[in-house]
1. Among what's in segment 1-45 and is surrounded by 11 or more Cβ atoms within 10 Å (Cβ to Cβ), modelled with pLDDT of 85 or more and more than 18 Å from Leu79 (Cβ to Cβ), pick the residue that is nearest to the chain's Cα centre (by Cα).
2. Go through Lys88, Lys128, Lys108 for me and flag whichever is open to solvent by 80 Å² or more (accessible area, probe 1.4 Å), modelled with pLDDT under 85 and within 25 Å of the chain's Cα centre (by Cα).
3. Only one of these is over 11 Å from the mean Cα position of the chain (by Cα) and at pLDDT below 90: Ile118, Ile103. Name it.
4. If we scan segment 195-208, do we find a residue that is of a type in the set (A, V, I, L, M), in contact (Cβ under 8 Å) with a residue 12 or more places away in the chain and open to solvent by 30 Å² or more (accessible area, probe 1.4 Å)?
5. Please go through segment 237-271 and pick out each residue that is open to solvent by less than 80 Å² (accessible area, probe 1.4 Å) and among the hydrophobic types (A, V, I, L, M, F, W, C).
6. Kindly indicate the residue of segment 203-216 that is in contact with a strand residue (DSSP E or B) (Cβ under 7 Å, 6 or more places away or on another chain) and modelled with pLDDT of 95 or more and also nearest to Phe187 (Cα to Cα) among those meeting that condition.
Amino acid sequence: MENFLGNMSDEVILYIAKYSPMLLKKAIYLLILYFTYNPVKEFLVGSLKKILRRSTLDELLVNFLLTATRLMVIIFYFLNLLEILGLKTTSIIALIGSVGVGIGLALKGSLSDVAGGIQILVSKPFKKGDFIIAAGTEGAVQKISFLYTILNSVDNKKIIVPNGKLSSSIVTTVTANPQRRADFLFFADKKCNIDKVREVLFDVVNSHPAVLKDKDIFVKFAKETPIASEFIVRVWTLKENFRDLNADIQEEVKKRFDKEGIRIPYQSYEIKKYL
């Protein structure tokens, strides 16, 4: 019995002597991971935050990049922890990769929308408050998220457009510039005096307070159709006055035409009666 115990104690001593340097090394590595995790994470996230805050990136994109940085730090330390404990990280990485591929295939549409959202937030083709025409719809931008963009239509309807579709379509930002050109097409009877019609049209648009007088006011005879003389009018206004200006000019031209005796022709149809 004494010999057995003696042999056991000798084996334990030999085991400790053999593996203690390695165990001590692992313990030191674990302590290093433990004490450096928070400082490293705070340093990387803090530095990135200072850089991004000085940039013109959208707040949503800034928060996404900060969250991604924190996640990468966690993954890095987790893989190092597994390596110190003697676990094979290659197989774990392969497993995570295969799971990621499966999730990616299942969420293909959502990932496309996220990529589109990042593209929109980085390139900034439009911003909140802009009126856009894109993806077969139009409206004022109310919110931009990673998955979708919310528009508010002119008749106050909420429109949700997936970012994947929005980022791959042609986008017209109507309110991107402070000034807009309003184009009009008016018709007058072919027997009317062209100079008089032009004078009336010019007087109407030139007297409107929303028309920018420092820009050219274009009033020209365009052509003669089978039923009317066609006139083109182009004026400039501030984007916030565009809709009201369109309605005002149309209304005022009709009133002035009636007052000046300028007849607006209409397409006539002959109705034949068959017995």
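The values are calculated or read from the model by the stated rules, or taken from the named source; none is laboratory data. As the structure is a prediction and not an experimental result, all values here were calculated from the model. Note that each Cβ is placed from the backbone with ideal geometry, even for glycine, and that neighbours are counted across all protein chains shown. Calculation scope for accessible area: heavy atoms of the full protein, side chains included, ligands and nucleic acids excluded. Shrake-Rupley method; radii C 1.70, N 1.55, O 1.52, S 1.80 Å.
1. Within segment 1-45, the match that is nearest to the chain's Cα centre (by Cα) is Val45.
2. Lys108
3. None of the other options fit; the residue is Ile103.
4. Of segment 195-208, the ones of a type in the set (A, V, I, L, M) are 197, 200-201, 204-205.
This time we only want the ones that are in contact (Cβ under 8 Å) with a residue 12 or more places away in the chain, so: 197, 200-201, 204-205.
Those still in the list that are open to solvent by 30 Å² or more (accessible area, probe 1.4 Å) too: none.
The answer is no, given that none of the residues of segment 195-208 is of a type in the set (A, V, I, L, M), in contact (Cβ under 8 Å) with a residue 12 or more places away in the chain and open to solvent by 30 Å² or more (accessible area, probe 1.4 Å).
5. Leu238, Phe242, Leu245, Ala247, Ile249, Val253, Phe257, Ile262, Ile264
6. Restricting attention to segment 203-216, the residues satisfying the condition of being in contact with a strand residue (DSSP E or B) (Cβ under 7 Å, 6 or more places away or on another chain) are 205, 210-212, 215.
The next check asks that each one be modelled with pLDDT of 95 or more; those that pass are 205, 210-212.
On the way: Val205: 16, Ala210: 23, Val211: 21, Leu212: 24 Å.
In this case the residue turns out to be Val205.
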